[in-house]
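Notes to accompany the following structure.
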Amino acid sequence: MEDNKLTIVDTHMHYGTDPAVSKYTCVPYMHFGDPESVIRCLDEQGAMYGVLFPHDRPMNPPVDTTYEKANEKVAEVKIKYPNRIVAVARINPLFGRRATECHIERCAGEWGFKGIKLVASYDQYHACDIDVLAPVFEKAEEHDLTILFHSGDSHKDMPSLQAFTARHFPNVRIVLAHMGGHTGLREAIIACQENPNIYCDMAQAWPYDIKAFVRQVGTDRLTYGSDVPYQSPAVEQLKLKVIGLTPAEEEKVFAKNALRIWKID
Ligand SMILES: [Zn+2]
């Protein structure tokens, strides 16, 4: 990255998607199992680092329901490009404490993953189920991992439930993807105001909603995320350019906050 250019960290990248929906994606060349396609996507949007995790749902038709193979593929990208990729494991905690702990131990201990992605609605639990989530959060605390919750859309994924869990684990950094979605925006704002360990990415959020968040929470808890391959990095970046951020605020949202939240050295 040239010195005069803003360093960009894309904090919301899926490693491709499944064939049933891949024909609709905005970054169609980005494919699961093709590490170079991830680096091309970073380069094309001027990003130095990418926070990378698997597709959210089990593959269609359903295979790899534990996401172990998908996480292994993310590890391959991270191992090949350690200076560009922050690896995040997709975890379904419903396989029980022992399996969950072993899976996270492998990702964090062996491969150096820095975070865990959770989608309660797809895996059929609620984001406030402390009994279900305790093994995940305890391991996150042990390995200093960041938790990325999909937030919004479903009653199982709302920011108020995620804030409840955040209060049980105050030492774990928690990011609410999509700022709670449009319907969960106000919950996400309150969750950030009331809990110092909660942050948001703005992937897919509307400019008006991003501006409301910035006015009420500030720019220290917000990161840029593109949600590739589904969404367009050009469009997601433009949203942050049209809401009147100062250059210093832009620098925080595009990079500085992410370096801190995702422990990028
Ligand atoms: Zn996403």
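Things worth noting here:
- Filter pass, GLN204 being polar (S, T, N, Q), surrounded by fewer than 23 Cβ atoms within 10 Å (Cβ to Cβ) and under 17 Å from the mean Cα position of the chain (by Cα): yes
- Hits in segment 252-265 - residues which are in contact (Cβ under 8 Å) with a residue 12 or more places away in the chain, outside any helix (DSSP H, G or I) and of a type in the set (D, E, K, R): LYS263
- Taking every residue in segment 179-207 that is more than 27 Å from GLU141 (Cβ to Cβ) and pairing it with any residue that is aliphatic (A, V, I, L, M) and more than 16 Å from the ligand (Cβ to nearest atom), at least 6 positions away or on another chain, the pairs with Cβ-Cβ distances below 6 Å are PRO207/VAL242; PRO207/ILE243.
- Residues that are within 21 Å of LEU145 (Cβ to Cβ), assigned to a loop (DSSP other than H, G, I, E, B), at pLDDT 95 or above and touching a His at 6+ places or on another chain (Cβ under 8 Å) occur at least once in segment 85-94.
- Considering only residues in segment 15-48 that are aliphatic (A, V, I, L, M) and exposed (fewer than 15 other Cβ atoms within 10 Å of the Cβ), the one that is nearest to ASN60 (Cα to Cα) turns out to be ALA20.
- Verdict on ASP18 being within 12 Å of the ligand (Cβ to nearest atom) and either assigned to a helix (DSSP H, G or I) or out of contact with any Asp or Glu (no Cβ under 9 Å at 6 or more places or on another chain) (or both): no
- Among the residues of segment 229-251, those that are within 17 Å of the chain's Cα centre (by Cα) and part of a helix (DSSP H, G or I) comprise PRO233, GLU236, GLN237.
- Scope segment 211-228; condition among the small types (Gly, Ala, Ser), more than 12 Å from LEU240 (Cα to Cα) and part of a loop (DSSP other than H, G, I, E, B); matching residues: GLY218
- Selection status of MET48, at pLDDT below 95, under 16 Å from GLY225 (Cβ atoms) and in contact with a Lys or Arg (Cβ under 9 Å, 6 or more places away or on another chain): no
- A count restricted to segment 153-209 and to residues that are within 16 Å of the ligand (Cβ to nearest atom) and among the polar types (S, T, N, Q) stands at 3.
- Yes/no for THR219 being touching a residue at least 60 places away in the same chain (Cβ under 8 Å) and under 19 Å from ILE189 (Cα atoms): no
- ARG215, sole failed condition from (1) more than 26 Å from PHE137 (Cα to Cα); (2) within 16 Å of the ligand (Cβ to nearest atom); (3) not aliphatic (A, V, I, L, M): (2)
The values are calculated or read from the model by the stated rules, or taken from the named source; none is laboratory data. Quick caveat, the model's predicted, so the values are computed rather than measured. We place every Cβ from the backbone using ideal geometry, glycine too, and count neighbours over all the protein chains shown.
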